[in-house]
1. Within region 5-98, which helices (runs of 4 or more DSSP H) (wholly inside it) include 1 or more residues that are among the acidic types (D, E) and more than 17 Å from the chain's Cα centre (by Cα)?
2. Out of the residues in region 16-57 meeting the condition of being small (G, A, S) and either modelled with pLDDT under 95 or touching a strand residue (DSSP E or B) at 6+ places or on another chain (Cβ under 8 Å) (or both), tell me which one is nearest to P76 (Cα to Cα).
3. From the list L59, L8, which one is closer than 20 Å to L84 by Cα and in contact with a Leu (Cβ under 9 Å, 6 or more places away or on another chain)?
4. Name the residue, out of F49, F97, that is more than 16 Å from A11 (Cβ to Cβ) and out of contact with any Ser or Thr (no Cβ under 6 Å at 6 or more places or on another chain).
5. On the given criteria, is V34 surrounded by 11 or more Cβ atoms within 10 Å (Cβ to Cβ) and either of a type outside the set (D, E) or without any contact (Cβ under 8 Å) to a residue 12 or more places away in the chain (or both)?
Amino acid sequence: MLDHSQRLADAVKNARLELGLTQEEVADKCDTDVRTIINMEMGRGNPKFKTLFKVVRALKIDARELFDDGPQSDSPSVRRVYLLINECSEEEAAILFPVIEAVLNALRTNKGSKIE
């Protein structure tokens, strides 16, 4: 298991880069000093919960990436899909479920054939 500081450092830096943000922009979004973001990305320091919460929310980091010891996907696309679904209401999820299931079935059935 990764050290908790390194896990946080990797998650913050990767999420920031995926969103195309600078460290300064993240600091502004979180109403904190840029040195706090730099320290987080370097695996230094121990951020206050209030700051950690703001950073996780601003960068749309799945908290399980930081706290869950289960397997995590390295795929940014899979993480983004998961986060989108996680933001759905129960009603939205119920409507999306058959659509997602049908699209996945079609993709898996046609795997190997060219999509034009």
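The values are calculated or read from the model by the stated rules, or taken from the named source; none is laboratory data. Predicted model, so just to flag it, every value in this text is computed and none were measured. With ideal geometry, Cβ positions are generated from the backbone for all residues, glycine too; neighbour counts draw on all protein chains shown.
1. 23-30
2. So in region 16-57, the residues small (G, A, S) come out as 20, 27, 43, 45.
Then drop every residue that is not either modelled with pLDDT under 95 or touching a strand residue (DSSP E or B) at 6+ places or on another chain (Cβ under 8 Å) (or both), which leaves 43, 45.
Numbers: G43: 21, G45: 26 Å.
In this case the residue turns out to be G43.
3. Details: L8 fails: closer than 20 Å to L84 by Cα.
Being closer than 20 Å to L84 by Cα and in contact with a Leu (Cβ under 9 Å, 6 or more places away or on another chain) holds for just one of L59, L8, which is L59.
4. F97
5. Details: surrounded by 11 or more Cβ atoms within 10 Å (Cβ to Cβ): yes; either of a type outside the set (D, E) or without any contact (Cβ under 8 Å) to a residue 12 or more places away in the chain (or both): yes.
For V34, the condition - surrounded by 11 or more Cβ atoms within 10 Å (Cβ to Cβ) and either of a type outside the set (D, E) or without any contact (Cβ under 8 Å) to a residue 12 or more places away in the chain (or both) - is met.
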